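Before any comments, here is the structure.
The values are calculated or read from the model by the stated rules, or taken from the named source; none is laboratory data. Every value quoted in this text rests on a predicted model; they were computed, and no experiment measured them. Note that each Cβ is placed from the backbone with ideal geometry, even for glycine, and that neighbours are counted across all protein chains shown. With ligands, DNA and RNA removed, areas are computed over all heavy atoms of the protein, side chains included. Shrake-Rupley method; radii C 1.70, N 1.55, O 1.52, S 1.80 Å.
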Amino acid sequence: MKLKSEQALELDESHVTVGQSFCDDPKMTMRNVDVFYSDKQAIYDVNIDIAKNEVIAMIGPSGCGKSTFLRTLNRMNDTVEGCRVDGQICMDGQDLYSPKLDVVELRARVGMVFQKPNPFPKSIRDNVTYGPKIHGLADTRVDLDEILEKSLRKAGLWEEVKDRLDQPGTGLSGGQQQRLCIARAIAVSPEVILMDEPCSALDPIATAKIEELIKELSQNFTIAIVTHSMQQAARVSHRTAYFHLGKLIEVNPTEQVFTMPKHQLTEAYITGRFG
Amino acid sequence: MQATHLLSLLIVLGSFSFYVSRGRSLALANPLGGIRNLHSLPSYYGLHAALWCTLPATFLLAIWLIFDEIVINAMVMTDLSPELIPSGNASYNLILNKVANIANGILPRESQPSGLLDAADNMLSLNVVSQWSITLLIITLAMFGLAWSSHKLKPDFRARPAVERVMQNLLLACACVAIFTTLGIVFSVLFESIQFFRSVPIYDFVFGLEWSPQTAIREDQVGSSGSFGAIPLFVGTLLVSAVAMFIAVPIGLMSAIYLAEYADSKVRTYAKPALEVLAGIPTVVYGFFAALTVAPFLRDLGASVGLTISSESALAAGGVMGIMIIPFISSLADDVITAVPQSMRDGSLAMGATQSETIRKVVIPAALPGIVGGIMLAISRAIGETMIVVMAAGMAAKLTANPLESVTTVTVQIVTLLTGDQEFDSPKTLAAFALGLMLFTVTLLLNIFALHIVKKYREQYE
């Protein structure tokens, strides 16, 4: 079965993503995006829209390019030597790769949560106020404290840490650290939050808390999440995109992807035949 | 036989035991159906025999070599004829030297008192007895070891753990050599210092403000009572080290940040070794660079802007020392900055911080314990540095905080006190040991402090 499906993909040279890649009122649009690491191509001709306030999940086998895809959205790939992005990626109609764009401003608008919790070796307070301080979002200490409390509340961490805001963020448990990172990301009021396998280093209870949080956050933010867990994608996302060997195979409402996948590769993956 | 011959003999015996025992274990294994029926590989049986054959014998030889001269000397001196019995410690050594010289044929035998000649003959015969007995003992012991090992050689004998244990102890012994050497240095300095503190009170030494170690050689000499206040020297040391750190820390740290964070891999491959070449230049070369190039340049520069800079100044010595220490700091800082996980940088960059904000607010604070540790180690190096200051800082012990004047440091004074002809019981010479002891204590405390800082913050952040 595996052999057959991979043959099918290779034969399909002019492959077109199946399903509902586009939407009417997109937050972000990607057209004909290719990504290269030096000579190696990691992503082939991806076309997709991300709608406002939606949660879109990226799934696929390891090395399929889903993390690379995510990191093109806030230009974190700039930090990788030899990485090149072709094609057009826009947010609210503005080209993210145009030379006029300010990366600093972009990253303030598109926040990111990483696979491994990476709080700075600072106090909980300094972790959350890091972004507001460098972007000058608060004029007084009172404003700053307000942002601190609001962000920690939104991340569901306030009650747990309100009495030890000045202790190091690295002293928290793994799940708390990850929620601290989410609080840190939303403290600068981004429009989009990118999450790169945010629960892969966490235990099931911490994972459940983060998933709960993602659902709540989707009321205010657009969220793109990469995950290895199909159950997680099914639980939190509105749409699901399936990547295979750098190609975007299928994008459809989550329920449909997991019940009636259109593409045979998607079906093979979600039924566990490979991945 | 001499010690070197004995050692060669032991090596030969050891190799012989190795091959014999290995062969025997193979012979034992054959009827059983191969070496898999032995507990250990045949080479372990060989090694076991070789170790048993050589190690106890070597150990005995070492002990014998340490003590045989002492014992023989004592025996010769107790057998000395009554009219030559020495009156004090000094004449004891004198007589002993004479006897040894006669015995070795350095002094002619004619015109020596018969008592001395007897003693010399006595010494010669004792030496012969000693050499023959050690040779016999060593060979017996080696043979006994080999026999013991052969006796134990059976298919189920656990030779491998036994050899491993010996190896472990050998490694431990090597580690101990370094530790005991340090202890030896400390004690030798300590005892001489105690002798010094008998003639100069410790309070006057540690807190005294004047340093002029000229003491009267003859009773009737005028005006040179000598004063041993170490404060001016330590102030000079601190001044020179401070100047050095003032130059080395910013430059070293910034070049490390550039290399670790900004430089692409091509620049890094060339720039880093180039910077480390600085560390390979001998300090004496830095010394004449400081004395012949930098110091006159600074003096002329000072003269042109109306400053009086003496031609041997703390500034020149400290400046060149700072240059010397740059690679030390940059290399250590580069290592700790590179060791800060990339996820920290990603986290900060993803918040919309620029690269320099990321470095200032996340990378440097995370790397700070390592950087501070590096700086502390660099400081203790600056304090102990000798050659540059000998050549460029001057000799006059002035109590000053002005880097434009010439100062002297602890290390310079130690060098001047101990070079040339010195009597070893005058406070002037012994002062060098007291200074060494104090310097050692200061750098030791600094190192402990540095290690403590590094440890403390490391625990907190990981």
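Can you tell me which residue within segment A:221-275, out of those that are of a type in the set (Lys, Arg) and within 30 Å of A:ALA187 (Cα to Cα), is least open to solvent (accessible area, probe 1.4 Å)?
Here the answer is A:ARG239.
When you scan segment A:137-179, how many residues do you find that are more than 14 Å from every other protein chain (Cβ to nearest Cβ), in a helix (DSSP H, G or I) and open to solvent by 20 Å² or more (accessible area, probe 1.4 Å)?
So the answer is 14.
Does segment A:90-108 hold any residues that are more than 10 Å from every other protein chain (Cβ to nearest Cβ), acidic (Asp, Glu) and outside any loop (DSSP other than H, G, I, E, B), and which are they?
Kept after step one, since they are more than 10 Å from every other protein chain (Cβ to nearest Cβ), are these residues of segment A:90-108: A:90-101.
So of that shortlist, the ones also acidic (Asp, Glu) come out as A:92, A:95.
Answer for segment A:90-108, where residues must be more than 10 Å from every other protein chain (Cβ to nearest Cβ), acidic (Asp, Glu) and outside any loop (DSSP other than H, G, I, E, B): just A:ASP95.
Does A:ASN53 fit the bill of being outside any loop (DSSP other than H, G, I, E, B) and modelled with pLDDT of 85 or more?
Criteria not met by A:ASN53.
What are the residues in segment A:120-136 that are at the interface with chain B (Cβ under 9 Å from one of its Cβ atoms) and assigned to a loop (DSSP other than H, G, I, E, B), if any?
Across segment A:120-136, the qualifying residues are A:PHE120, A:PRO121, A:LYS122, A:HIS135.
Among B:GLU385, B:GLU405, which is under 19 Å from B:THR237 (Cα atoms), buried (at least 22 other Cβ atoms within 10 Å of the Cβ) and among the charged types (D, E, K, R)?
Among B:GLU385, B:GLU405, only B:GLU385 is under 19 Å from B:THR237 (Cα atoms), buried (at least 22 other Cβ atoms within 10 Å of the Cβ) and among the charged types (D, E, K, R).
Of all residues in segment B:302-354, which are open to solvent by 60 Å² or more (accessible area, probe 1.4 Å), of a type outside the set (A, V, I, L, M) and within 23 Å of B:VAL372 (Cβ to Cβ)?
The answer is B:PHE328, B:ASP335, B:THR338, B:PRO341, B:GLN342.
Name every residue in segment A:144-203 that is in contact with a strand residue (DSSP E or B) (Cβ under 8 Å, 6 or more places away or on another chain) and of a type in the set (Gly, Ala, Ser), in order of residue number. It would help to see each step written out before you state the result.
Taking segment A:144-203 as the starting set, the residues that turn out to be in contact with a strand residue (DSSP E or B) (Cβ under 8 Å, 6 or more places away or on another chain) are A:165-169, A:178, A:181-182, A:185-186, A:188, A:190-198.
Passing the criteria: A:GLY169, A:ALA185.
Quick test for you: out of A:ARG141, A:ARG164, A:ARG109, pick the one residue that is of a type in the set (D, E, K, R) and without any contact (Cβ under 8 Å) to a residue 40 or more places away in the chain.
The unique qualifying residue is A:ARG141.
Run down A:GLY111, A:GLY87 and say which single residue is away from chain B (no Cβ under 12 Å), at pLDDT 90 or above, outside any helix (DSSP H, G or I) and in contact with a strand residue (DSSP E or B) (Cβ under 7 Å, 6 or more places away or on another chain).
A:GLY87
Can you tell which of B:THR429, B:THR443, B:THR419 is among the hydroxyl-bearing types (Ser, Thr, Tyr) and open to solvent by 40 Å² or more (accessible area, probe 1.4 Å)?
Checking each option against the conditions leaves just B:THR419.
Conditions tested, residue by residue: (1) surrounded by 12 or more Cβ atoms within 10 Å (Cβ to Cβ); (2) in the same structural domain as B:ALA49 (by TED's automatic domain parsing); (3) in contact (Cβ under 8 Å) with a residue 24 or more places away in the chain; (4) not in a loop (DSSP other than H, G, I, E, B).
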site: B:LEU96; (1), (2), (3), (4): yes, yes, no, yes
site: B:ILE102; (1), (2), (3), (4): yes, yes, no, yes
site: B:LEU116; (1), (2), (3), (4): yes, yes, yes, yes
site: B:VAL128; (1), (2), (3), (4): no, yes, no, yes
site: B:ILE134; (1), (2), (3), (4): yes, yes, yes, yes
site: B:ILE139; (1), (2), (3), (4): yes, yes, yes, yes
site: B:HIS151; (1), (2), (3), (4): no, yes, no, yes
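Got a sec? Which of B:VAL320, B:VAL284 is touching a Phe, Trp or Tyr at 6+ places or on another chain (Cβ under 7 Å) and part of a helix (DSSP H, G or I)?
B:VAL320
Output the residues belonging to segment B:94-137 that are over 38 Å from the mean Cα position of the chain (by Cα) and of a type in the set (Lys, Arg). Show your work before the answer.
Step one: filter segment B:94-137 for residues over 38 Å from the mean Cα position of the chain (by Cα), giving B:108-122, B:125.
Scanning segment B:94-137 gives a single hit, B:ARG109.
Looking at B:ILE106, B:ILE85, B:ILE70 in this structure, which one is free of Cβ contacts under 8 Å to residues at least 24 places away in the same chain, under 24 Å from B:LEU7 (Cβ atoms) and surrounded by fewer than 15 Cβ atoms within 10 Å (Cβ to Cβ)?
Details: B:ILE106 fails: under 24 Å from B:LEU7 (Cβ atoms); B:ILE85 fails: under 24 Å from B:LEU7 (Cβ atoms).
After applying the criteria, what remains is B:ILE70.
Kindly indicate whether A:LEU217 is modelled with pLDDT under 90 and open to solvent by less than 20 Å² (accessible area, probe 1.4 Å).
yes
Note down all Cβ pairs under 7 Å where the first residue falls in segment A:21-45 and is under 13 Å from A:THR72 (Cβ atoms), the second is hydroxyl-bearing (Ser, Thr, Tyr) and assigned to a strand (DSSP E or B), and they're at least six residues apart or on different chains.
Pairs found: A:ASP34/A:TYR44.
Using the structure shown, decide if B:ARG299 is basic (Lys, Arg), open to solvent by 10 Å² or more (accessible area, probe 1.4 Å) and farther than 30 Å from A:VAL192 by Cα.
For B:ARG299, the condition - basic (Lys, Arg), open to solvent by 10 Å² or more (accessible area, probe 1.4 Å) and farther than 30 Å from A:VAL192 by Cα - is met.
It is to be established whether one or more residues within segment B:243-266 are more than 30 Å from B:VAL363 (Cβ to Cβ), of a type outside the set (Asp, Glu) and either open to solvent by 30 Å² or more (accessible area, probe 1.4 Å) or within 14 Å of chain A (Cβ to nearest Cβ) (or both).
No, segment B:243-266 contains no residue that is more than 30 Å from B:VAL363 (Cβ to Cβ), of a type outside the set (Asp, Glu) and either open to solvent by 30 Å² or more (accessible area, probe 1.4 Å) or within 14 Å of chain A (Cβ to nearest Cβ) (or both).
Among the numbered criteria (1) within 13 Å of another protein chain (Cβ to nearest Cβ); (2) open to solvent by less than 30 Å² (accessible area, probe 1.4 Å); (3) of a type in the set (A, V, I, L, M), which one does A:ALA201 miss?
Of the numbered conditions (1) within 13 Å of another protein chain (Cβ to nearest Cβ); (2) open to solvent by less than 30 Å² (accessible area, probe 1.4 Å); (3) of a type in the set (A, V, I, L, M), the odd one out for A:ALA201 is (2).
Taking the options A:ILE186, A:ILE210, A:ILE193, A:ILE182, name whichever one is away from chain B (no Cβ under 13 Å) and buried (at least 20 other Cβ atoms within 10 Å of the Cβ).
Criteria check complete, one pass: A:ILE210.
Can you tell me how many residues in segment B:388-402 are open to solvent by 20 Å² or more (accessible area, probe 1.4 Å) and assigned to a helix (DSSP H, G or I)?
Number satisfying all stated conditions: 2.
Can you say whether B:ILE375 is open to solvent by less than 20 Å² (accessible area, probe 1.4 Å), away from chain A (no Cβ under 14 Å) and not basic (Lys, Arg), as far as the supplied structure shows?
Answer is no for this residue.
Check segment B:344-366 and report whether any residue there is out of contact with any Ser or Thr (no Cβ under 9 Å at 6 or more places or on another chain), under 30 Å from B:GLU405 (Cβ atoms) and at pLDDT below 90.
Looking for residues that are out of contact with any Ser or Thr (no Cβ under 9 Å at 6 or more places or on another chain), under 30 Å from B:GLU405 (Cβ atoms) and at pLDDT below 90, one finds none in segment B:344-366, hence no.
Which is modelled with pLDDT of 85 or more and more than 14 Å from chain A (Cβ to nearest Cβ), of B:LEU278, B:LEU298?
On the way: B:LEU278 fails: modelled with pLDDT of 85 or more.
Every option except B:LEU298 fails the conditions.
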